[in-house]
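Novice: Structure in structure tokens, see below.
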Amino acid sequence: MEKRVRFKSAWLPWALIAPQMAIVLVFFFWPAAQALYQSVLQQDAFGTSIEYVGALNFQRLWDDASYLETFKITAFFSAVVALGGIALSLLLAVFSDRIARGATFYRTLLILPYAVAPAVVGVLWIFLFAPPMGVVSYALQSLGLEWDHLLNPDHAIALIIMAAIWKQVSYNFLFFVAGLQSIPKSLIEAAAIDGARPWRRFWTIQFPLLSPTTFFLLVINVVYAFFDTFAIIDATTHGGPGKSTATLVYKVYYDGFKALDMGGSAAQSVVLMVIVIALTVVQFRYVEKKVQY
Amino acid sequence: MKFKPYALASGVLALALSGNAHAQVEIQWWHAMGGALGEWVNDLAKDFNASQKDYKIVPTFKGTYDESMTAAIAAFRAGNAPHILQVFEVGTATMMASKGAIVPVGQVMTEGGQKFDPSVYVPAVAGYYTAPNGQMLSFPFNSSTTVFYYNKDAFKAAGLDTDKVPSTWPEVALAAAKLKASGHKCPFTTSWMSWTQLESFSTWHNTLFATQNNGFGGTSARLAFNSPLHLRHIENLANMAKQGLFVYKGRANAPDANFVSGECAMYTGSSGLYANLKRNAKFNYAISTLPYYPDVPGAPQNTVIGGASLWVMSGKKPAEYKGVAAFFNYLSKPEVAAASHQRTGYLPVTKASYELTEKSGFYKQNPGTDVAVTQMIRKTTEKSRGVRLGNFVQIRTIVDEELEQVWNGKKAPKEALETAIKRGNEQLERFEKAGKS
């Protein structure tokens, strides 16, 4: 049986999606078109002299050996942040789902970080890890580990990964909790009566039934790691030491807003846009096949 | 509380009268001074507004130097730039190249009907903001330079003579070793790596940081900080880092906090740190000149300026420019400029304000506050006039990135300096090309 609603009017459906289309046009297509346009221009900071330079800005990226290095850092950073963030929040959600008393209290606490601005997140983590006085770095020191994210690249990347995951855990957690609650209790009870242990119930019932949520979060988290993390990096490591925490989006921000190289920055955001579009297509084309709705 | 009804009433009155009485001209001033310095900027505007009736300066804090510059650029593109914009010294070449966006200060002053004599300003400061044709392009507002600070209490605890300043780099290393031996965790650190350890270091030793007289000769300048002297200094610092005598504390002025909190004992940084130090340091400190290598002929010469200047943006009404000129004239008054210098630790803007400060006995009462001035007021050479390069923000970041790999032992000093020069020169080539087109 056909479930689809059919509109008799010709204009009504268009009118109904118009607000949404307007938002997408203004907030996505227009800036994206601007980025494309600016990426073929070279201009001074104030835009008083603008020159068409074709693919020169892209050529410069291609010739820059450190740009390739930035790709590797970004790939590593994004993979760890997206997968780590999802895994951690799934774990928290499953645990909080099993709590009988005070669940709302724990959930509220877990959702709180989402209300913190990314730059503030960066500063908070800097406080914790500032050598030698930060609470965590002090504790690490007494365990014999000299924490120094200013000079040790491994420490620096670990720091921004932790901060980025911490920021996103709440968001993921919220969706997982909702997802878990929508799984009928009867299914789990039936499995329990059949003698399935919690671990098995999770893997064979809850996890597969959560797959739409997990897939959605995968897409969102990849986009988050690629685009939304520059404020954290700017507040903690500034891309250092060397270039070891300079991700693609941080470089876009730095070249555009600090170095005032609009053309170069626009070219990089076009590259970034292409990557994220490609990744999203891959996710919908291949990963989504494993999702059961 | 008492003033409020009065202020309100006068506000209403002003509104009512604004139809026929001539209204105050508002002048927007975007700046990047936070904390103690932000209060200083607000006081300047308040005092100027109280001193006359025609103009009203409205200062707005727009974040850090680069944030306020970005904000002004966005505003300019949208057609509502402020009248006055504070731009840090590394943005100078960018501003100079943006010819349509700014009005030279010399022109604003003469057209605004103010008596304007560029020779009253301290040459080493004003020279930096002057075009090759002799026209002053921006108003030297808060110029700082690099100085050396040390914590007297830490010196005492380490058994060092608190009054004997380590004035050369070998002496700094010796003092650092003693501090370390006494259990000090951070004997020496620095802020603004490129500014203090390469730019000021170069002029202090009368050596070029970049060709074409550090960029003053034209945009074909290329970086030159791979001389044996530069290499020797970076190797020296790398050795100190290895022994824990020099501890790296981050980029820009982030390490200010490490000195002000007492964590680090010796420090090279901006003379503008004085206001903060005076208010927050809980230990005895002293200010001195930058260390140098005593065997280098011509050293010590003079240091380079930092800080910022005020630029006048284009496209405003003549009456508003008149107000800007009146405000700059006010800031140049000896007593105003002297008070600013004494309050902040920034350099005196005019020679008269320096003399006034000296006469008042301020330097005697606050030992060390004259260090920045004496470092700057010397006669400069072609090599030491300052460093003015295009894409300077990127070049400083490149220096940070490369030298961080020296401090963590991943790169040899020579390799790092060569790479920094190669990468920096790409920026300079690009700036040169953009200027020609």
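Novice: Any chance you could count how many residues in the stretch B:260-285 are within 14 Å of chain A (Cβ to nearest Cβ) and either under 17 Å from B:Gln197 (Cα atoms) or in contact with a Ser or Thr (Cβ under 8 Å, 6 or more places away or on another chain) (or both)?
Specialist: Total meeting the criteria: 1.
Novice: Return the total of residues in the stretch B:41-74 being free of Cβ contacts under 8 Å to residues at least 40 places away in the same chain and within 14 Å of chain A (Cβ to nearest Cβ).
Specialist: Going through the stretch B:41-74 one residue at a time, the tally reaches 9.
Novice: Here's a follow-up. Identify, please: which residue in the stretch B:380-420 is among the basic types (Lys, Arg), outside any helix (DSSP H, G or I) and within 14 Å of another protein chain (Cβ to nearest Cβ) and is, among those, surrounded by the fewest Cβ atoms within 10 Å (Cβ to Cβ)?
Specialist: That would be B:Lys410.
Novice: Additional query: Going by the structure shown, is A:Leu25 part of a helix (DSSP H, G or I) and within 14 Å of chain B (Cβ to nearest Cβ)?
Specialist: no
Novice: If B:Leu137 passes every condition in (1) at pLDDT 90 or above; (2) within 18 Å of B:Gly218 (Cβ to Cβ); (3) within 14 Å of chain A (Cβ to nearest Cβ) but one, which one does it miss?
Specialist: So the condition that B:Leu137 fails would be (3).
Novice: Looking at A:Gln43, A:Gln59 in this structure, which one is touching a residue at least 40 places away in the same chain (Cβ under 8 Å), farther than 19 Å from A:Phe227 by Cα and within 14 Å of chain B (Cβ to nearest Cβ)?
Specialist: Result of the check over A:Gln43, A:Gln59: A:Gln43.
Novice: On to the next question. I'd like the full set of residues that are in contact with a helix residue (DSSP H, G or I) (Cβ under 8 Å, 6 or more places away or on another chain), exposed (fewer than 15 other Cβ atoms within 10 Å of the Cβ) and of a type in the set (Ser, Thr, Tyr), limited to the stretch B:48-78.
Specialist: Answer for the stretch B:48-78, where residues must be in contact with a helix residue (DSSP H, G or I) (Cβ under 8 Å, 6 or more places away or on another chain), exposed (fewer than 15 other Cβ atoms within 10 Å of the Cβ) and of a type in the set (Ser, Thr, Tyr): just B:Ser51.
Novice: Which numbered condition in (1) within 14 Å of chain A (Cβ to nearest Cβ); (2) outside any helix (DSSP H, G or I); (3) surrounded by fewer than 22 Cβ atoms within 10 Å (Cβ to Cβ) is the only one that B:Ala81 fails?
Specialist: Among (1) within 14 Å of chain A (Cβ to nearest Cβ); (2) outside any helix (DSSP H, G or I); (3) surrounded by fewer than 22 Cβ atoms within 10 Å (Cβ to Cβ), B:Ala81 violates only (3).
Novice: In this structure, does A:Ala196 turn out to be part of a helix (DSSP H, G or I) and either more than 30 Å from A:Leu217 (Cβ to Cβ) or among the small types (Gly, Ala, Ser) (or both)?
Specialist: The answer is no for A:Ala196.
Novice: If you don't mind, there's one more thing I want to ask. Could you say whether any residue in the stretch B:359-374 is more than 14 Å from chain A (Cβ to nearest Cβ), of a type in the set (A, V, I, L, M) and surrounded by fewer than 21 Cβ atoms within 10 Å (Cβ to Cβ)?
Specialist: Yes - at least one qualifying residue is present in the stretch B:359-374.
Novice: Another question about this same structure. Quickly run through the stretch A:176-187 and pick out the residues that are in a helix (DSSP H, G or I) and surrounded by fewer than 19 Cβ atoms within 10 Å (Cβ to Cβ).
Specialist: A:Ala178, A:Gln181, A:Lys185, A:Ser186, A:Leu187, listed by residue number.
Novice: List the pairs whose first member sits in the stretch B:146-167 and is surrounded by fewer than 24 Cβ atoms within 10 Å (Cβ to Cβ), whose second member is of a type in the set (D, E, K, R), and whose Cβ atoms are under 8 Å apart, counting only residues at least 6 apart or on separate chains?
Specialist: That search, which allows pairs on different chains as well, returns B:Ala158/B:Lys178; B:Gly159/B:Lys178; B:Leu160/B:Lys178; B:Thr162/B:Lys152; B:Thr162/B:Lys156.
Novice: Among the numbered conditions (1) loosely packed, with under 11 Cβ neighbours inside 10 Å; (2) touching a strand residue (DSSP E or B) at 6+ places or on another chain (Cβ under 6 Å); (3) of a type in the set (S, T, N, Q), tell me where A:Thr104 comes up short.
Specialist: (2)
Novice: If you take the residues of the stretch B:302-325 that are assigned to a loop (DSSP other than H, G, I, E, B) and over 18 Å from the mean Cα position of the chain (by Cα), which of them is nearest to B:Gln375 (Cα to Cα)?
Specialist: Checked the stretch B:302-325; the qualifying residue nearest to B:Gln375 (Cα to Cα) is B:Ser314.
Novice: Here's another thing I want to ask about it. Taking the options A:Gly263, A:Gly240, name whichever one is crowded, with 18+ Cβ neighbours inside 10 Å and farther than 20 Å from A:Gly122 by Cβ.
Specialist: Step by step, each of A:Gly263, A:Gly240 is checked, and only A:Gly263 is crowded, with 18+ Cβ neighbours inside 10 Å and farther than 20 Å from A:Gly122 by Cβ.
Novice: Let me confirm something: among B:Ser340, B:Ser271, which residue is over 30 Å from B:Val25 (Cα atoms) and either at pLDDT below 90 or of a type in the set (Gly, Ala, Ser) (or both)?
Specialist: Result: B:Ser271 is the single residue among B:Ser340, B:Ser271 that is over 30 Å from B:Val25 (Cα atoms) and either at pLDDT below 90 or of a type in the set (Gly, Ala, Ser) (or both).
Novice: Let me ask something else. Does the stretch B:199-230 hold any residues that are crowded, with 24+ Cβ neighbours inside 10 Å and either over 20 Å from the mean Cα position of the chain (by Cα) or not β-branched (Val, Ile, Thr) (or both), and which are they?
Specialist: Passing the criteria: B:Glu199, B:Ser200, B:Phe201, B:Ser202, B:Trp204, B:Phe209, B:Ala210, B:Asn214, B:Gly215, B:Ala221, B:Leu223, B:Phe225.
Novice: If we scan the stretch A:250-259, do we find a residue that is in a helix (DSSP H, G or I), out of contact with any Asp or Glu (no Cβ under 8 Å at 6 or more places or on another chain) and under 18 Å from A:Tyr224 (Cβ atoms)?
Specialist: Yes, because at least one residue in the stretch A:250-259 is in a helix (DSSP H, G or I), out of contact with any Asp or Glu (no Cβ under 8 Å at 6 or more places or on another chain) and under 18 Å from A:Tyr224 (Cβ atoms).
Novice: Tell me which of these A:Leu248 doesn't satisfy, since it passes every other one: (1) modelled with pLDDT under 90; (2) away from chain B (no Cβ under 11 Å).
Specialist: (1)
Novice: Considering only the stretch A:179-193, I want to know if a residue exists there that is more than 17 Å from A:Arg98 (Cβ to Cβ), out of contact with any Pro (no Cβ under 8 Å at 6 or more places or on another chain) and in contact (Cβ under 8 Å) with a residue 40 or more places away in the chain.
Specialist: No, because not a single residue in the stretch A:179-193 is more than 17 Å from A:Arg98 (Cβ to Cβ), out of contact with any Pro (no Cβ under 8 Å at 6 or more places or on another chain) and in contact (Cβ under 8 Å) with a residue 40 or more places away in the chain.
Novice: Taking the stretch A:46-56 as the search range and keeping residues that are surrounded by fewer than 15 Cβ atoms within 10 Å (Cβ to Cβ) and within 14 Å of chain B (Cβ to nearest Cβ), which one is nearest to A:Trp203 (Cα to Cα)?
Specialist: Checking each candidate, the answer is A:Gly54.
Novice: For the stretch B:55-68, enumerate the residues that are touching a strand residue (DSSP E or B) at 6+ places or on another chain (Cβ under 6 Å) and more than 22 Å from B:Gln24 (Cα to Cα).
Specialist: Listed by number, the residues that qualify are B:Lys62, B:Tyr65, B:Ser68.
Novice: Please find, within the stretch B:421-437, the residue that is nearest to A:Asp234 (Cα to Cα) out of those that are over 26 Å from the mean Cα position of the chain (by Cα) and more than 10 Å from chain A (Cβ to nearest Cβ).
Specialist: Selected residue: B:Lys422.
Novice: Limited to the stretch B:98-132, what total is found for residues that are within 12 Å of chain A (Cβ to nearest Cβ) and crowded, with 19+ Cβ neighbours inside 10 Å?
Specialist: Matching residues across the stretch B:98-132 total 3.
Novice: Follow-up. Have a look at B:Ile84, B:Ile57 and point out the one that is at pLDDT 95 or above and over 18 Å from the mean Cα position of the chain (by Cα).
Specialist: So the residue among B:Ile84, B:Ile57 that is at pLDDT 95 or above and over 18 Å from the mean Cα position of the chain (by Cα) is B:Ile57.
Novice: Just give me the residues in the stretch B:235-249 being among the polar types (S, T, N, Q) and outside any loop (DSSP other than H, G, I, E, B), in sequence order.
Specialist: Those that are among the polar types (S, T, N, Q) and outside any loop (DSSP other than H, G, I, E, B): B:Asn236, B:Asn239.
Novice: Inspect the stretch A:67-90 for any residue being of a type in the set (A, V, I, L, M, F, W, C) and within 14 Å of another protein chain (Cβ to nearest Cβ) and give the result as yes or no.
Specialist: Yes.
Novice: Within the stretch B:250-301, how many residues are assigned to a loop (DSSP other than H, G, I, E, B) and in contact with a helix residue (DSSP H, G or I) (Cβ under 7 Å, 6 or more places away or on another chain)?
Specialist: Counting residues in the stretch B:250-301 that are assigned to a loop (DSSP other than H, G, I, E, B) and in contact with a helix residue (DSSP H, G or I) (Cβ under 7 Å, 6 or more places away or on another chain) gives 12.
Novice: Do any residues in the stretch B:328-350 that are without any contact (Cβ under 8 Å) to a residue 40 or more places away in the chain have Cβ atoms under 6 Å from those of residues that are aromatic (Phe, Trp, Tyr), where the two are at least six apart or on different chains, and which pairs are they?
Specialist: Qualifying pairs under 6 Å: B:Gln342/B:Phe362.
The values are calculated or read from the model by the stated rules, or taken from the named source; none is laboratory data. Remember, predicted model here, so these are calculated numbers, not experimental data. Quick reminder, even Gly has a Cβ in these numbers, built from the backbone with ideal geometry, and neighbours come from all protein chains shown.
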